[in-house]
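Peer 1: Pasting a structure below so you can have a look.
The values are calculated or read from the model by the stated rules, or taken from the named source; none is laboratory data. Being a predicted model, the structure only gives us computed values, none of them experimental. Note that each Cβ is placed from the backbone with ideal geometry, even for glycine, and that neighbours are counted across all protein chains shown.
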Amino acid sequence: MITEPGIISYPALFEPKANPSGVLKYSCSFLVDKTDKKAVEGLQKAVEAAISRGKEKLWKGKVPAFRYLAIRDGDAELESGEKTGSEYKGRLFLNCSSDTPPGVVGPNAKPLMDQGDIYAGCRVRLDVNPFPYTKSGNNGIGWGLNNVMLVGDGERLDGKMRAVDAFAGFADATSETPDANDLL
């Protein structure tokens, strides 16, 4: 499924990071406003379809209790202390991952050349597939990460500035970028 635009958090799209089990995965969290009815309904329908597949093919006609919900409530996790970032307030979120690098494109649907354009807080669409699972006694719906499309900038969640913005006040408008030989 292709999601409506939302906010990416904890992006590990170009280099895998260890998940809680220590397995290297490409991954991200995806946040949507609870008030975005179209986005929420799309995610809920995808989860319902995955539950139906699991009931039919994996769980012998019954829907088991899930340890983790496929779509999680940021407010509930803030209240419980599981999440601490204010970016979760008023939002639902999901975590998705892949063993292989996802495709990453810019707003023009062309491959993204600057990896720094994707950061925690920017707006993206995801190509994800929800799937039923049973593993180590746990049942649930996971999210496979296929592709990411940068939609636009957003408020950075890490507080970091782009280099061009950080040094804008120090730029010498009369000079050109020095050639490497000029520095010797």
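Peer 1: Kindly indicate whether any position in the stretch 23-30 is modelled with pLDDT under 95, over 17 Å from the mean Cα position of the chain (by Cα) and closer than 26 Å to L157 by Cα.
Peer 2: yes
Peer 1: Show the residue pairs meeting these rules: Cβ distance below 7 Å; 6+ apart or different chains; first residue within the stretch 33-58 and in contact (Cβ under 8 Å) with a residue 40 or more places away in the chain; second residue assigned to a helix (DSSP H, G or I) and of a type in the set (S, T, N, Q).
Peer 2: Final answer for the pair search is none.
Peer 1: Mind listing whichever residues of the stretch 90-118 are more than 15 Å from N147 (Cβ to Cβ), at pLDDT below 95 and in a loop (DSSP other than H, G, I, E, B)?
Peer 2: M113, D114
Peer 1: Okay, moving on. Does Y10 satisfy the condition of being assigned to a strand (DSSP E or B), aromatic (F, W, Y) and at positive phi?
Peer 2: yes
Peer 1: State which residue is surrounded by the most Cβ atoms within 10 Å (Cβ to Cβ) when the search covers only the stretch 1-51 and only residues that are under 17 Å from A120 (Cα atoms) and small (G, A, S).
Peer 2: Among those that are under 17 Å from A120 (Cα atoms) and small (G, A, S), it is G6.
Peer 1: What are the pairs, 6+ residues apart or on separate chains, where a residue within the stretch 157-175 that is at pLDDT 80 or above has its Cβ under 7 Å from a residue that is small (G, A, S) and surrounded by 10 or more Cβ atoms within 10 Å (Cβ to Cβ)?
Peer 2: If the second residue must be small (G, A, S) and surrounded by 10 or more Cβ atoms within 10 Å (Cβ to Cβ), the pairs left are L157/S9; L157/G85; L157/A120; L157/G121; D158/A120.
Peer 1: Working carefully through the options G159, G144, G154, find the one that is surrounded by 10 or more Cβ atoms within 10 Å (Cβ to Cβ), within 23 Å of the chain's Cα centre (by Cα) and not in a strand (DSSP E or B).
Peer 2: One residue alone meets the criteria, G154.
Peer 1: Given the conditions (1) more than 21 Å from R156 (Cα to Cα); (2) part of a strand (DSSP E or B); (3) among the hydrophobic types (A, V, I, L, M, F, W, C), and given that V40 satisfies all but one, which numbered condition is not satisfied?
Peer 2: Result: V40 passes all but (2).
Peer 1: Quick one: F93 ticks every box in (1) among the aromatic types (F, W, Y); (2) exposed (fewer than 10 other Cβ atoms within 10 Å of the Cβ); (3) within 30 Å of K55 (Cβ to Cβ) bar one, so which box is it?
Peer 2: Just one mismatch for F93, condition (2).
Peer 1: Name, by its number, the condition in (1) more than 13 Å from the chain's Cα centre (by Cα); (2) surrounded by 13 or more Cβ atoms within 10 Å (Cβ to Cβ); (3) of a type in the set (K, R) that does not hold for K135.
Peer 2: (2)
Peer 1: Would you mind stating whether G54 is surrounded by 14 or more Cβ atoms within 10 Å (Cβ to Cβ), part of a strand (DSSP E or B) and either small (G, A, S) or modelled with pLDDT under 95 (or both)?
Peer 2: No: the conditions fail for G54.
Peer 1: So, one more: Has the stretch 65-88 got at least one residue that is surrounded by fewer than 11 Cβ atoms within 10 Å (Cβ to Cβ), at positive phi and not in a helix (DSSP H, G or I)?
Peer 2: For the stretch 65-88, residues surrounded by fewer than 11 Cβ atoms within 10 Å (Cβ to Cβ), at positive phi and not in a helix (DSSP H, G or I): present.
Peer 1: Among the numbered criteria (1) farther than 24 Å from K160 by Cα; (2) touching a Ser or Thr at 6+ places or on another chain (Cβ under 7 Å), which single criterion is violated by K17?
Peer 2: Status for K17: all satisfied but (1).
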